[in-house]
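Written out below as C-alpha cells is the structure these notes cover.
The values are calculated or read from the model by the stated rules, or taken from the named source; none is laboratory data. Worth saying up front: this structure is predicted, and the values here are computed from it rather than measured. Methodologically, a virtual Cβ is constructed for each residue, glycine included, from the backbone with ideal geometry; neighbour enumeration extends over all protein chains shown.
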Amino acid sequence: MKKIVVLILLTVLTINVFGQRRGSGAPNWISLAVKGGYGASSFLCSEALDINGFNQDYLGPTYCYGGRLGVVFIDKVGVSLEFMGSEYDNKYDFNNHEYNPLNIKDYDGSLKMKATDFLPLFRYTGEYGFYCELGPKFTKVKGVDMTNENPLVGDAPCEQYFKSSFTSVVFGFGFMPYNGDRVQVSLGIRAAYCPKNVLECDGSTNVYGYPEMTSNHLFNNIEMKPLSAQVLLEVNYHFARFGQATCGKQRIIFFK
C-alpha cells in the first residue's frame, strides 16, 4: 500500500511540474477513459511440468474492466493511472495415475483468482493513433478458488496459500480506429508477467489438489508466476487541459 501511495504522489507532482512548465499553447490534454479486456492467462509453474500426466493450459480465460485517468505532455508522451477489476484462470488436467493409489479417473481443474489491479503507466502516442505503454501493475488479491473434479478434493477456497499482493511488469501497444478531437477509441494488446513467486506456501500445501503429491514431496519449493495477455478496448474522452490564466499562473481549463 505504501508503494501505491508513493507512486500516486510522484505522478501528481509530475503532472503539476509539467503543467507549470507549459506556458505555450502546445496541447497537454487531460482525459478519462473506460476500458475492458479479454484474453488468456496462466500461472507458470516449472515444477508441475516435471510431473508425468500433468498438463497446464496456457489459454485459461482472463478479463478486466475499469477506468483510466491520463495526461499527455510534450511530444505526445504522457502518464496514466488505471484501476481495474480482473479475474485470472489457470486451467490444468491430470491423466496419469503413477502417484495415485486410489486409481482416480483423469480429471480437470482450475485456479481462479479475483483481484484489483492498479497500473501507473507511461504512454507514447504517435502518428495515426498508434500508441505503446510500459509500467508496473500492482495486484491486490481478493480471492482464489480451486475448482477440481477430483472427488477427494472438490472445490475449495485457497487464497491463504497465495500472497495478498504482487507486482507484474506490463507492456502494451495498439492503435485508434477512431481518433476525434475529444473522443478516441483504442484497440490494443497488453501483456503482464510477474517475475516472482506468488505462493505463500513452501510446497507443503497441495494447491493443485492431486492425491499423494504432498506426501511424495513432488511440489517441494513450488513457484507460480502469473502471465497474461489481453486484447483491450478503450473509450477515451479529453475533458480538460493545462492552460495559462490571465494572471500568468497555470491552471486546469475544462472544456465546455
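Evaluated against (1) closer than 30 Å to ASN28 by Cβ; (2) surrounded by 14 or more Cβ atoms within 10 Å (Cβ to Cβ); (3) at pLDDT 90 or above, VAL169 falls short on exactly one condition, (2). For segment 1-84, list the strands (runs of 3 or more DSSP E) that sit wholly inside it and hold at least 2 residues that are modelled with pLDDT of 80 or more; which are they? By residue number, 29-44, 60-72. Of the residues making up segment 103-120, at least one is of a type in the set (S, T, N, Q) and either modelled with pLDDT under 80 or surrounded by fewer than 14 Cβ atoms within 10 Å (Cβ to Cβ) (or both). Considering only residues in segment 214-256 that are modelled with pLDDT under 80 and crowded, with 19+ Cβ neighbours inside 10 Å, the one that is farthest from GLN184 (Cα to Cα) turns out to be LEU218. Scanning segment 121-143 for residues that are in contact with a Ser or Thr (Cβ under 7 Å, 6 or more places away or on another chain) and under 19 Å from LYS196 (Cα atoms) turns up PRO136, LYS137, PHE138, THR139, LYS140, VAL141, LYS142.
So, of the residues in segment 172-199 that are surrounded by fewer than 19 Cβ atoms within 10 Å (Cβ to Cβ) and of a type in the set (Val, Ile, Thr), which turns out to be modelled with the lowest pLDDT?
Residue satisfying both the conditions and the ranking: VAL183.
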